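A.B. asks: Mind having a look at this structure? Questions to follow.
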Amino acid sequence: MEIKIALAGNPNSGKTTLFNNLTGSRQYVGNWPGVTVEKKEGKLKGHDDVIIQDLPGIYSLSPYTLEEVVSRTYLVNEKPDAIINIVDGTNIERNLYLTTQLLELNIPMVIALNMMDLVRKNGDKVDTAKLSSELGCEVIELSALKNEGADDVANKAIQLAQNKTIGNRPSILSGEVENAVKQIEGELSGIADDKFLSWSAIKVFERDSKELEKLHLASDKKKNIEDIIEACEKSMDDDSESIITNQRYTYITGVTDTAVKKGRAKGELSISDKIDKIVTNRILGLPIFALVMFLIYAIAMGGWSVSIGTAATDFTNDVIFGEWVPGFFDTILGALHVEEGTVLYGLIQDGIVAGVGAVIGFVPQMLVLFLLLAILEDIGYMARVAFVMDRIFRQFGLSGKSFVPCLVATGCGVPGVMASRTIENDRDRKLTVMTTTFMPCGAKLPIIGLIAGAIFGGSPWIAASAYFIGIGSIILSGIILKKFKAFAGEPAPFVMELPPYHVPSVVGVLRATWERGWSFIKRAGSVIVISSIIIWFLSAFGTVNGHFGLVDNLFEDETIVTDEYVQKLADRMDVEIDDVNAMDASLLASVGNVISPVFKPLGFGNWKPTVATITGLVAKEEVVGTFGVLYNYDDSDEELGEEGEQIWDRVAADYTTMGAFSFMVFNLLCAPCFAAIGAIKREMNNAKWTWAAIGYMTGWAYVLAFIFYNVGGLLTGEHGFGLGPILGIVLLAGLIYLLVRKGYQPDESAKSLTSVDANA
Amino acid sequence: MPLTLLKAGETVTIRKIGGSDEVRQHLSELGFVAGEQVSVVSESSGNLIIHVKDCRIALDKSMASRIQV
């Protein structure tokens, strides 16, 4: 028989580590139905018939956060065969609060007392036998980080599940409250599920909306119950919910007083507290954070000898995908007698290998960045970053928790978007998902390099302005969107537990790094392969003087490519006659030609940048590669530089200063690459919101590029006063209006902590 | 007085928690209940890190001002 075991516990109690210990790599990760809360399920190592269900980290079973609702619905409706309640031994009092609620569910339960190594180190003493007899439930010591005790916990849970052993539930409530709840139990008997009778009664006493909805009580029953509650509230002089909360804590204090001896006097600062005094300090907090960030970028993306990320990516691009992989396929294709110049050869080498290679090349750099971020997360510093940045972000209507996704997005937008999951409030999370890819990610850096090099003489200010525009776009979007009804309201109050600092666990950090990296590689293997093939097809095929086929081959046939045809093509594509090449006759060029008028008002209404922008949807670094092809770079002598150094002259000749800048702005801000769009779709979990996000980003990019080109051009004297600049000024005024107007005023209830109502 | 007026290093006892039921309930689940002793680990322009029941909770000004000590 299959056994289902649920893993429940507070956030930061080591639940994920225990789950990984128990299931190894046999995990299935998905979403809970209808919400973007991660659902993790796995088979117990060595027991194919035991399924471990990891519930989200929660503080209680009240219906306030999505996580709580999800966990509660699972426990009550799915009725797992046993619960493993993981309790942080260094913080027993707060963790037992959830335990008291879980005990009411009458499901066989074992308590895994985690972090016992730390408990001993702190000099605390926990009498597990006493704890166990007080709670009426097995307590097993555990140290998930050191992988000690996990097997005992699992075996105990299986045993309990098989024997259906439910311990003696301790009486948590006392006196009047106990009586009141007993009376309600009487009223509910026959209506509520027998097994959950006491749970239901307590929830009804708390006036829990979800439970009341479920029970459908008749109005006279409702009145009887309400009378019982009111009488109790009156004599206790408190509301029913607080009464229960207080009783739980009173009970817990009683338990811990007998079973736990603290090695440290109450109020004495722990090491974590001492570190926090410095790193979250009002004055030192920000400079310390800036220094940490600098070190991370120096290692992952910089150009120094410590920059292992850059070195690894260069190696992948130049050697693995520059020589080894194409060489490998050359050998295979050669053995199969597939000649260069045939359709199949082009599809494999130019389409798939080149397309996927361009994306995979970024993986080593990203892995280094993710590794460093995972270390910061594991140590506990990321939570502090959110706290330090909250002060600043709150001014713009965003929560400090939105900062971490933006930070990750400077490496790659995909994990950046995924990192938005930690934001509980639904509106804040959607807003973050919509804006976080404005940050210039690693793949956008070559675009910046190309424009800075070709047009601005390599000025470092262009890169600085790109980051400034990215952050500015996030902040301005925050202010503007917050004034619309869908996003209105203060950012949710910032309440966040700061886990104690600890030495990072190697396995945990590597696993987190790999999970993020792998989700990126998987997309590279699906979306990017398909879109690379499409782009390759469009660029390789075309009609040359009435003949359809591979344009490269057709161009070699002098009976087809007549002088007259070349002249016509040069006119049509607006290029010098010497520069005409096969690409100009491709389908892609025709598509670009049709779409290019859209970009005319932005100063780059030529088919080449249009096509580059389209290929940028596959992966942003493709933009520079496409420019290389379109600007006729002859790759016979040497590889095109990452920032397209060899074509700078030709690019410069084609653009005005502001036109090139506007091109860069548009490409930095518009719809991100397909991989990131996929991530947005997953996080939004809703087609309408996904399109809204893509539409907003592209619209924002268009408006900003329009203003930069037209108004900027007017200011620099690039072009005179006319329709463009007038429209630009109108748009700018509109933007300012959106920024300063009085927005939609939500009523008090919208300023809530939770996202439940928005989704329920 | 509200918790926001405290300086880093001070230890106090919570007297009362205000605000909507929902906010109060959430705070109580995190360990902020009347009678509980808490200490301020760090403070920056009203945002606080509070040591309560052996863990550290970061609170912004709007949340901290609901806790009377």
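Every read-out reported here was derived from the displayed coordinates using simple, explicitly stated rules and does not represent laboratory data. Just so you know, these numbers come straight off a predicted model, no measurement behind them. Virtual Cβ from ideal backbone geometry, glycine too; neighbours counted across all protein chains shown.
A.B. asks: If r is the Cβ-Cβ distance from A:Asn147 to A:Lys4 and R0 is 25 Å, what FRET efficiency results, to the nearest 0.05?
C.D. replies: Taking R0 as 25 Å, the efficiency between A:Asn147 and A:Lys4 is 0.60.
A.B. asks: Mind listing the Cα extents of the protein assembly as shown along all three principal axes, in Å, largest one first?
C.D. replies: 101, 64, 57
A.B. asks: Given a Förster radius of 45 Å and the C-beta distance between A:Ile191 and A:Leu291 as r, what FRET efficiency does 1/(1 + (r/R0)^6) yield to the nearest 0.05?
C.D. replies: E between A:Ile191 and A:Leu291, to the nearest 0.05, is 0.15.
A.B. asks: Right, here's the next one. Which is farthest toward the positive dipole end of the protein assembly as shown among A:Gly720, A:Gly175, A:Ala161, measuring Cα position about the Cα centre, with Cβ charges +1 (Lys, Arg) and -1 (Asp, Glu)?
C.D. replies: Sorting the options by dipole projection puts first A:Gly175.
A.B. asks: Continuing with this model, one more query. Using DSSP H assignments, which helices in chain A have an axial alpha-carbon span of 24 Å or above and a mean Kyte-Doolittle hydropathy of -1.0 or higher?
C.D. replies: Both cut-offs are met by A:240-259, A:460-482, A:506-525, A:687-716, A:723-740.
A.B. asks: Another question about this same structure. For the range A:428-526, just say rounded, prolate or oblate: build the C-alpha gyration tensor, square-root its eigenvalues into a ≥ b ≥ c, call rounded for a/c under 1.5, and beyond that prolate if a/b exceeds b/c, oblate if not.
C.D. replies: Taking the square roots of the gyration eigenvalues as a ≥ b ≥ c, the range A:428-526 is oblate.
A.B. asks: What's the exposure ranking of A:Thr410, A:Thr437, going from fewest to most Cβ atoms within 10 Å?
C.D. replies: Fewest to most other Cβ atoms nearby, the residues stand as A:Thr410, A:Thr437.
A.B. asks: From the square roots a ≥ b ≥ c of the eigenvalues of the alpha-carbon gyration tensor of the range A:1-131, which class results: rounded (a/c under 1.5), prolate (a/b over b/c), or oblate?
C.D. replies: Verdict is prolate for the range A:1-131.
A.B. asks: If you put +1 on each Lys and Arg Cβ and -1 on each Asp and Glu Cβ, how big is the dipole of the range B:3-68 around its Cα centre, in Debye rounded to 20?
C.D. replies: Computed about the Cα centre, the dipole is about 160 debye.
A.B. asks: Indicate, rounded to the nearest 5 percent, the antiparallel portion of the DSSP beta bridges found entirely in chain A.
C.D. replies: Given both bridge residues lie in chain A, the antiparallel proportion sits at roughly 45 percent.
A.B. asks: Between A:Phe537 and A:Ile560, what is the spin-label point distance in nm, taking each point 7 Å from the Cα along the Cα→C-beta axis?
C.D. replies: Each label point is offset 7 Å from its Cα along the Cβ direction, giving 1.9 nm.
A.B. asks: Also: To the nearest 20 Debye, how big is the dipole of chain A about its Cα centre, given +1 on the beta carbon of each Lys and Arg and -1 on that of each Asp and Glu?
C.D. replies: Around 2820 debye, computed over chain A.
A.B. asks: Right, here's the next one. Using a 7 Å offset from Cα along Cα-Cβ at A:Ser305, what residues in the range A:354-398 end up with backbone N under 13 Å from the label point?
C.D. replies: none
A.B. asks: I would also like to ask the following. When the dipole is taken about the Cα centre of the range A:292-393, and only Lys, Arg (+1) and Asp, Glu (-1) are charged at their Cβ, what size is it in debye, to the nearest 20?
C.D. replies: 560
A.B. asks: If the label point is 7 Å along Cα→Cβ of A:Ser459, which residues in the range A:655-686 have backbone nitrogen under 19 Å from it?
C.D. replies: Hits in the range A:655-686 for A:Ser459 at 19 Å: A:655-668.
A.B. asks: Still on this structure, please answer the following. For a paramagnetic label modelled at 7 Å from the Cα of A:Leu587 toward its Cβ, which residues of the range A:551-575 fall within the zone defined by backbone nitrogen distances under 20 Å?
C.D. replies: Only A:551-556, A:573 pass the distance filter.
A.B. asks: In whole Hz, what ³J(HN,Hα) sequence does the range A:37-48 give by Karplus (6.51, -1.76, 1.60; θ = phi - 60°), x for Gly and Pro?
C.D. replies: Using θ = phi - 60°, the values come out as 9, 5, 10, 10, 9, x, 8, 5, 4, x, 9, 5 Hz.
A.B. asks: In addition: Can you sort A:Glu104, A:Glu340 by how many other beta carbons sit within 10 Å, fewest first?
C.D. replies: A:Glu340, A:Glu104
A.B. asks: For chain A, what does the relative contact order come out to in percent, with C-alpha contacts under 8 Å and a separation of six or more?
C.D. replies: 11
A.B. asks: Same structure again: Once Lys and Arg get +1 and Asp and Glu get -1 on their Cβ, which of A:Ser270, A:Met496, A:Met583 lies farthest toward the positive end of the dipole of the protein assembly as shown?
C.D. replies: Of the listed residues, the answer is A:Ser270.
A.B. asks: Of all the C-alpha pairs in the range B:3-68, what % are more than 19 Å from each other?
C.D. replies: Of all Cα-Cα pairs in the range B:3-68, 18 percent lie more than 19 Å apart.
A.B. asks: How much of the DSSP bridge set in the range A:1-103 is antiparallel, in percent, rounded to the nearest 5?
C.D. replies: 45
A.B. asks: While we're here: Just check the range A:525-632 against the gyration tensor rule for me: Cα atoms, a ≥ b ≥ c as the square roots of the eigenvalues, rounded for a/c under 1.5, and otherwise prolate or oblate depending on whether a/b exceeds b/c.
C.D. replies: oblate
A.B. asks: Projecting each Cα onto the charge dipole of the range A:471-550 (Lys/Arg +1, Asp/Glu -1 at the beta carbon, about the Cα centre), which of A:Trp514, A:Ile535, A:Ile471 comes out farthest on the positive side?
C.D. replies: A:Ile535
A.B. asks: Could you compute the FRET efficiency for A:Ala129 and A:His47, with r as their C-beta to C-beta distance and R0 at 25 Å, rounded to 0.05?
C.D. replies: 0.35
A.B. asks: Could you list A:Trp514, A:Trp199, A:Trp304 in order of exposure, starting from the residue whose Cβ has the fewest other Cβ atoms within 10 Å?
C.D. replies: Listing A:Trp514, A:Trp199, A:Trp304 from fewest to most nearby Cβ atoms yields A:Trp304, A:Trp514, A:Trp199.
A.B. asks: Throw me the Rg/Rh for the range A:124-237, computed over C-alpha atoms with Kirkwood Rh, two decimals.
C.D. replies: 1.11
A.B. asks: Relative contact order for the range B:3-68 using alpha-carbon pairs under 8 Å, separation at least 6, rounded to a whole percent?
C.D. replies: RCO, the range B:3-68: 39 percent.
A.B. asks: At a Cα cut-off below 18 Å, give the lysines reachable from A:Lys430, other chains included and same-chain residues fewer than 8 away excluded.
C.D. replies: Leaving aside lysines fewer than 8 places away in the same chain, those within reach of A:Lys430 are A:Lys401, A:Lys482, A:Lys483, A:Lys485, A:Lys681, A:Lys688, A:Lys751.
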